[in-house]
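Novice: Supplied in structure tokens, the structure appears directly below.
Bear in mind that the values in this text are calculations on the coordinates, not laboratory data. No experiment lies behind these values; they were computed from the predicted model shown. Note: ideal-geometry Cβ built from the backbone for every residue, glycine included; neighbour counts use all protein chains shown.
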Amino acid sequence: MARLPEAEIERLKRDVSLEELVRRRGVELTRTGANLVGLCPFHDDKNTPNLVVTPERNVWHCFVCQVGGSVIDWVMKTEGASFRYAVELLRGGASLAGVPGRTAAVPKRTRHRRMQPIAARDAEEAELLARVVDHYHAAMKESPEALGYLEQRGLGHPEVVEHFELGFANRTLGYRLPARSAKVGEELRTRLEQLGVYRTTGHEAMNGCLVVPLRDETGRVVQLYGRRIDAHLKTGTPKHLYLAGGHRGVFNREGLEHAEEAILCEAVLDALTFWCAGFRHVTTAYGVED
Ligand code: ZN
């Protein structure tokens, strides 16, 4: 049997729409930031969607099954096919719909427009942080788990997310950065590392956190507070995080402006709780060390 040409395999991985294949399999996908999530068809996935599809990279992963990969891996798994047969199916397009009798054409992947980089390489620090906040804020609004966390903490006020531009860090910021191999990508990453948005390991520092922007007197973002939302953290994992450079900025400055007195909370989430309960003259001392 002739060897499958590597270029042909790469073409399939690149050009066949994984998203469409997954949907045809009957999996309902919902967008969370740059990812799509759905119930995994390979295990009894009843409550939390564990299947993640990343259209930008055309890959999938199930957190419970610990399997994933390209369109080829998807077809191998769904059709019980060998690698070679999966490639043949993807080339031919027959019987891929997951619906008997239906011979659907292999779904072509529409090339994603290149995402705009998050900021120019020479953007000022506050500008760069503001764009990070924008991204986290957009992710928050599309993340049921983060919105659910607010609800569960009694922070389900309809305006709180918009008012404080609350965000959620879910590992998708990297999609907004040009590749590390590009000069501008490398420069932006280095700057975000210096700010503490990224660790030197290349991971997002606040991954899994509710993110609260803290602003200076002119309203510019000068610091971020991150609170991990996962209740089952490994021991030693810090629950509260800040960026490099110390505690700066005042939480809820505009709420204090015309107030004669202020409620000072130790923790940011306590201050948010007061705010949601209608006490608008509230701020925080950012906790004691914990
Ligand atoms: Zn699974």
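Novice: In the chain, with Lys and Arg counted as +1 and Asp and Glu as -1 at Cβ, which of these residues, Leu89, Asn50, Leu256, has the Cα nearest the positive end of the dipole, that is, farthest along it?
Specialist: Sorting the options by dipole projection puts first Leu89.
Novice: Moving on. Rounded to two decimal places and with Rh computed the Kirkwood way over Cα pairs, what is Rg over Rh for region 176-277?
Specialist: Value, to two decimals: 1.04.
Novice: Moving to a separate point now. Want the number for Glu56 to Lys239: 0.36 nm per residue separation, take away the alpha-carbon distance, what's left?
Specialist: Gain in length upon complete extension: 62.8 nm.
Novice: If one takes the longest principal axis of the Cα atoms in the chain, at what angle in degrees, from 0 to 90 and to the nearest 10, does the Cα axis of helix 83-92 lie?
Specialist: Computed tilt is about 80 degrees.
Novice: Placing +1 on the Cβ of each Lys and Arg and -1 on the Cβ of each Asp and Glu in the chain, which of Val212, Ala123, Ala244 has its Cα farthest towards the positive end of the resulting dipole?
Specialist: My answer, from the dipole projection, is Ala123.
Novice: Counting other Cβ atoms within 10 Å of each Cβ, which GluC sites (Glu not before Pro) in region 119-206 have at most 15 and sit in a DSSP loop?
Specialist: Passing sites in region 119-206 are Glu124, Glu159.
Novice: Averaging over all projection directions, find the projected area of the Cα convex hull of region 6-93 and quote it in nm² with one decimal place.
Specialist: Its Cα hull, projected and averaged over all orientations, spans 5.5 nm².
Novice: Could you tell me the calculated FRET efficiency between Arg84 and His232, based on Cβ-Cβ distance and R0 = 30 angstrom, to the nearest 0.05?
Specialist: 0.15
Novice: Alpha carbons only, please: Rg and Dmax for region 125-250, in angstrom.
Specialist: Cα only, region 125-250: 14.4, 44 Å (Rg, Dmax).
Novice: Report the Cys residues of the chain lacking a disulfide-compatible partner, meaning no second Cys Cβ under 4.7 Å from their Cβ.
Specialist: Cys209, Cys265, Cys276
Novice: Nearest 500 deg cm²/dmol is fine: what mean residue ellipticity at 222 nm does the chain get from its DSSP H runs of n ≥ 4 alone, each adding -39,500 (n - 2.57), divided by its residue count?
Specialist: -9000 deg cm²/dmol
Novice: Please list, short to long, the whole-number percent of alpha-carbon pairs of the chain in consecutive 10 angstrom bins beginning at zero.
Specialist: Pairs per bin, as whole percents: 6, 24, 28, 21, 13, 6, 2, 0, 0.
Novice: I want to verify the translational diffusion coefficient of region 151-214 in µm²/s; compute it with Stokes-Einstein, Rh as the Kirkwood radius over Cα pairs, at 4 °C and 1.567 mPa s.
Specialist: For the chosen part, D equals 98 µm²/s.
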